[in-house]
Amino acid sequence: MGNLKNRRQTRRGKRPGLAFRAFWQSYALFMRYRVSKSFEVESGHMLSKHPGRCRYPHGHSRRIDIVVSCETLDQNDMVCDFKAIKLAVGDLLDRFDHAMAVNAGDPFAKELIEGGMASRVIAFDGEDPTTEVMARRIFEEVTSALSEGRVLADPDGIEFRFPAGLVLERVRVSETSSSWAEYGL
C-alpha cells in the first residue's frame, strides 16, 4: 500500500509539472502581441438584395476595429504605432463617414449620383454594401498598405512604417451595439 501511495505522489508531484511545462512551451510558439485600433463613422447604406426594410436607405453609427499582431515588438517596444493604422485607413474611412453605400446595380444608385450626391456615394460593383463586404474592403486596404511597405506621414511630416512581420488579423465592423461582421484570418 505504501508503494502505491508513493507512485501517486510521484505522478502528482512531478509528471503534471513536466506536462504543464511542455504544454506552455509548445503553446508559446503561437503567442503573439496584438493591438486593436478602433474608429467610428456615421454611414448609410441600402441593401438591394434584402427582402425586408434594409433594402431602403438607412444609417448606422459604425465602430470599426482593426486588429494587427506580431511575434516581437519593434524598436519602440510596440507592435506598431496606432498612428500608422490611423494613417493607413484614414482616407478610406473618411469616404465612408457621412456617405451612402449602394450596390452599383441598384437603379436608385444612379439617381443618387446624378442628383448631386456623387461625392458622398460609395458604389459597390456587383454586391450589396453589407457590413461583411465593408469589413472585407477595409481589410483589403490595410493589407495593401502592409504589403507595399508604404511610408505613412502625418500632417506634421512625421513618418510611420509598419514593422516587418506585422500581420493584419481581422477587421470588425459593428453596425449596432449588438451586431458586427468580421473579415480576417
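Where a number appears in this text, it was derived from the coordinates with a stated rule and is not lab data. Since this is a predicted model, take the numbers as computed values, not measurements. For neighbour counting, all protein chains shown are included, and Cβ atoms are generated from backbone atoms with ideal geometry for every residue, glycine included.
Observations on the structure shown:
- The numbered conditions (1) hydrophobic (A, V, I, L, M, F, W, C); (2) crowded, with 16+ Cβ neighbours inside 10 Å; (3) more than 17 Å from residue 144 (Cα to Cα) are all true for residue 66 except (3).
- Every residue from the range 165-180 that is more than 10 Å from the chain's Cα centre (by Cα) and surrounded by 12 or more Cβ atoms within 10 Å (Cβ to Cβ): 165, 166, 167, 174, 175, 180
- Qualifying residue in the range 115-135 (condition: under 17 Å from residue 61 (Cα atoms), surrounded by 12 or more Cβ atoms within 10 Å (Cβ to Cβ) and basic (Lys, Arg)): yes
- Scan the range 79-98 for residues that are under 20 Å from residue 56 (Cβ atoms) and surrounded by 19 or more Cβ atoms within 10 Å (Cβ to Cβ) and the total you get is 1.
- Residue that is nearest to the chain's Cα centre (by Cα), among those in the range 90-145 that are under 23 Å from residue 183 (Cβ atoms) and among the hydroxyl-bearing types (Ser, Thr, Tyr): 143
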